[in-house]
1. Fewest Cβ neighbours within 10 Å first, please rank Y107, Y231, Y134 accordingly.
2. Using the number of other C-beta atoms within 10 angstrom as an exposure proxy, rank K213, K227 with the fewest first.
3. Note the per residue figure in Å³ for the convex hull of the C-alpha positions in segment 97-278.
4. Compute the length gained on full extension between F206 and L153: take 0.36 nm times their separation in residues and subtract their Cα-Cα distance, giving the result in nm to one decimal.
5. Where does each of D224, D254 land when they are ranked from fewest to most other beta-carbon atoms within 10 angstrom?
Amino acid sequence: MLEKLGRLDALKALIVLAAFLAPITIAAGVSEEPVLESSRALAVSLGAGWLASAFVGYGFYGGKRCLEAATLLTLVALVVFVACARPWVGEETEENVIFWYEASFTYLGSIDNEPIENVALRFPCPTIENKSPYVPIPNWALYYLDENSQLHLQMTDQVVIGWMGGRTDALSILAFGLEENTRHGVKISYVLNKLYPHEVFLITTFLLIAPEKYSKITLSEQEDNQKTAAYYHYPLEQKIDMSFLVQLSKKTDDNFERLEEFNRIAENAEYGWWWLYPS
C-alpha cells in the first residue's frame, strides 16, 4: 500500500513538472527572442510555467502546497539557467547601427525632349570591405522637377498620386537586382520602361549594420578612395541631359548624419559609366 502511494505521489510530481516545463518549451519555439539569451523572454516563460504548475498542482495538493511546489520549481529552474546557460551574462550586445541610403537619376531633357524607354540604371551600393551587406529591397518613387526646381511626387511603388509633364500612365519596373561584380564594384540595378523629361527616379532604404562593422561602410568602390561610378543606358544613341545623386547617412540619436554624398550633372551625356563627384 505504501509503495502504491509512493508511486502515486511520484506521478503527481511528474505531472506538475510537465505542466511547468510545457510553457517554457513552447516559448522557446515561438519567442522572437532566444529564451536563454533574453532576461525578458526568460521571465515571461518562467512566469507562465509557475502559473501552469500551480494550476495543475491545485488539484493534487490544495492551495498552499501547490503554490509552494510551483515556486520551488521556478527557483530551481532559475538557478539552473543562470548557472549553466548564463543568459544575459557578460558583455552587453550592442544594437545594430541604422543607416539611410538614397539614390536618384534625373532625366533633365534632350534636344527633342522625347521620353526615353528601357532605361537601365546602376546606382552605387553601400559596401563593407568591397562586399555588400544585406540591403533590403528599396522603396522607389517617381517625381517631376518643375521650372522652379521643386519636386512633385507622381507615384510610388504602392500608389499613384497624379501625372505632370508628358506622362499619362504608370512607370513600370522591368528589372531589378543587385550586381556584385561590375567593373566599378557592387551596384543596385533597375530597368525602367519609360522616363519623361524632368522626371526623377528615387530609391531609398534602411540598412542595419553590426556595430563592429559600421565604421567600414562606404559608397566608394574601395574604402577611403572616394571614387564611385553610376551607369545609364538608353538603347538609342541619343544624348541627354541628366544627373545622378547618391547619399549615405547614419542615425545618431534622433537625427541622420550624412556620411557620404556623390553627384554628377551632365549635358549631352552618352550612355555608359559616369564618375560621380564627392560633395
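The numbers here are math on the coordinates, done by the rules we state, and not lab data. None of the values given here were measured: they were computed from a predicted structure. Note: ideal-geometry Cβ built from the backbone for every residue, glycine included; neighbour counts use all protein chains shown.
1. Working: Y107 25, Y231 21, Y134 7.
Result, fewest neighbours first: Y134, Y231, Y107.
2. Values: K213 13, K227 17.
Lowest to highest Cβ neighbour count: K213, K227.
3. Dividing the Cα hull volume of segment 97-278 by its residues yields 122 Å³.
4. My answer for the length gained is 17.0 nm.
5. D254, D224
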